[in-house]
Structure formats: C-alpha cells, structure tokens
Amino acid sequence: MNADIAEQLRSLRLKAGSPSIREITRLIASQGRKYQMARSTVQDKISGKSPATASQVLSIVEALAEYARSTGFPLAPNEYDTKAWRDRATENQETRLPKSAEAPPKGSTDKTHQSALDLAPFRHAGMDDIVLLIKETPSIEAFKWLPHVIESMRQVQMDTSELLQQIAKDAPENLIRNISALHEKFPPEEPDPSPWSTGEVRIDQSINKLLVHSARQHSPTHIAPIIVGLRRAHMGAYAPYFIKWTATWHLPKTLRDAANRLRSASLAVDARLLYKLVGKHRSENHVYDVVRLLDALKESDDRNTILKGAAETGPVRMATIARQAEDESPEIREAILAAMISGIPYGMHEKYAEHFDRIDLKELSNLAHAANDEPPF
C-alpha cells in the first residue's frame, strides 16, 4: 500500500507542474510547521521507498498546491482537499498495522469522512439529531449544518470552541464557505452611528472564534487565499480580524513569511496592516521579538511600522519596548526610539511624556517633549 499513496502523490505532482524535490522541500519549510522534512525524506515519500505519515502527506500536498498556484495554473480544490488526503493517508497507515491494532471494523457506524470531528459531546448531551446530521453530511459540506448546530449549542449553553477549532483546520475554500454560512445566520451588527463611535463593525462571537482558530491553524501559504476569499465572498469586514489574530499568534519568522506572501499576491496594504497590528495587539513581551528579527534583516520600514503601531496603542507598550532595546547598539536604539516617537498620536506627546517621567524613562520623555514642539506635518 505504500506505493498506492506514493503513486497518488506522484500523480498530483505531475498535475501541479512537476516541481523539483528541492522546490517541494522549500515550500514545505515555508509552511511554518513544527517538524520539517529533508529533501531525502520528501524523495522517499514520493517514490514510495518509505511510508509517509498523514502529516508528511499533507505537507507535500500543500506544497504542491502552493506551487501550482504560483505558476498561475492552480489545482482544483478537490485535488488538494485536506480532509480527503488525511483520510487516504490514515487508511494507508492502518493497512500496515496488525489486526489487533486496526481502527473500528467495517460495521462501524461512524463514516470515515466525519471521523475527525468529536461527536461525543453531542451524544452525551442526548442530541442524537445533531450527531446524525453531521455524520450524514460530507466534511466539505459542513456549511450545510454548521449554522444550525452552532445555534443549537448556544441555545443549550454548550461551549462551541472545540467544534470551531476543528472546523478551522479545513482547507481555505471550505473555510470560506463555512464562514459565509455563519455570516448569513449571524450577520455583523451595524456600526454605532454616534459621533464618538469608532465605526468598527461588531462581528458575531462564533465567527470571531472561527477566525481566531483559523489564524492559528493555517500556515503563511493560506493567509492570502483566506483574505482574498473573504473579500470575494463579500465578507471583507472579517479580513482585518483574521489579520489581527495572525499578527498576535505566529512566530516572528512565520509572520515575515506571511507578509512577504501577501506582497507577492499584490496585497502590500495587508502586509503593512499585519505589521501594524503586531505592534498594536501582540503581547507586549513578544512585540520586540519581531522587531529584532526585522532589524537583523535590515527591513527597517517594516520594523518601523510595528513600532509606530505600538506607539499608537499607548505609552505602556513603548516603555516595554524601550527597556527591551537597552542592550542594543546606540545607533539601533536611537532608530527604534525615534520610530516609536513618530507614532505617538498628535496632541498626545505631553501625556506620554508624563507617563515616561513617572516610570523614570527620561530619554523617552525628552524625545516626546521635543516632538511635541514639532509641526504636525
């Protein structure tokens, strides 16, 4: 059976445009997964020399799909469907296990296409109608039952987080359909028309949870397709939320890869927003990790976008970053402080300076006072 899954991978590779093993390995490395694959490993899995785990199969499939998109001849969604490939890989692994270790026999009531979803909470709650509904619907059509199930779970006060976390793992095109179904059922609230309102759209809690989990689950390869998919489905209001959660969650190198992929998709504005939201919403103690990486790579514009975003949020973030930059060279520290000072909202310099004085950051206080005397143009 090893050759079966390998043969399918080779067929998919051909459809994707026959990328080299080196290129496939590079694309896998860019996915941000915890475990990477060496070139020799990729070669062995595709040739069938050694069996591939489900995780390795999905990494290769994702890389082939990404390569096909980059050439302008993308694969059809069903050809790289995550759930379908996971099922094939799992079935392939099960055929190599001893009989005593095999999964449930053919008489099992759970259908393979829904085995990834944990239905136990619904069974324990006596919601057999929900169990039946989910089991009888293919996983790629979860959008058909998702709004109804979420509504039922809310009605009985069940926690929806775990279900939405599982749904978030789906391929980008299926994820968009699921969000769209929830959007129709639970549309966002209209912005507050009052003059003091921020004008921000208030979105449904379940959609926000799904966006949070999606940002955590998906690699940089999928970030641009998800953002574009939301906008093409007339749900562009959700894109900033997805970008925000991406900015707060991923490691520095993954964020940089995501920004570069956004730019390669002609989404430079979104790349800039990603970095700005790193400064505004990422945990205070982890903003500087991204700043340090970009500074080391001489990408000062992106570094400064983060620093200005931090300054817009308030003096507390600025103070944390200033202290983390104390061990840098005088030139780098000066550039970091100057970028943050330039991000202070107009008319707030004196208030920021007062805060810096209170916590004994005289250098920042002096810079804020000086900037207050400069014209706002």
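Here are some notes:
- Degrees between helix 284-296 axis and first principal axis of the chain (Cα, 0 to 90, nearest 10): 90
- For the chain, the solvent-accessible area with a 1.4 angstrom probe is 52 square angstrom per residue.
- 222 nm mean residue ellipticity, helices alone, for the chain (DSSP H n ≥ 4; -39,500 (n - 2.57); rounded to 500): -19500 deg cm²/dmol
- Here the dipole of the chain is about 1320 debye; that uses its Cα centre as origin and unit charges on the Cβ of Lys and Arg (positive) and Asp and Glu (negative).
- Ranked order, Glu326, Glu151 - accessible area, probe 1.4 Å, largest first: Glu326, Glu151
- In this structure Lys185 has an accessible area near 90 Å², from a 1.4 Å probe over the protein heavy atoms.
- The relative contact order of the chain, computed from alpha carbon pairs under 8 Å that lie at least 6 residues apart in sequence, is 9 percent.
- Surface share of carbon and sulfur [accessible, 1.4 angstrom probe, percent] for the chain: 52
- Distance histogram in 10 Å bins (all Cα pairs of the chain, percent per bin): 5, 20, 25, 23, 16, 8, 3, 0
- Val156, Val278, reordered so the largest accessible area comes first (probe 1.4 Å): Val156, Val278
- Cross-link pairs Lys15/Lys244; Lys209/Lys280; Lys185/Lys244; Lys15/Lys49; Lys185/Lys280 - those with Cα-Cα distance over 26 Å: Lys15/Lys244; Lys185/Lys280
- Tilt relative to the chain, helix 220-232 - C-alpha long axis, 0 to 90 degrees, to 10: 90
- Cα long-axis angle, helix 239-249 against the chain (0 to 90 degrees, to the nearest 10): 90
The values are calculated or read from the model by the stated rules, or taken from the named source; none is laboratory data. Everything quoted here is computed from the prediction, not taken from an experiment. Ideal geometry is used to build each Cβ from the backbone, glycine not excepted, and the neighbour counts take in all protein chains shown. Each accessible area value is taken on the protein alone, full model and side chains, heavy atoms only, with ligands, DNA and RNA left out. Shrake-Rupley method; radii C 1.70, N 1.55, O 1.52, S 1.80 Å.
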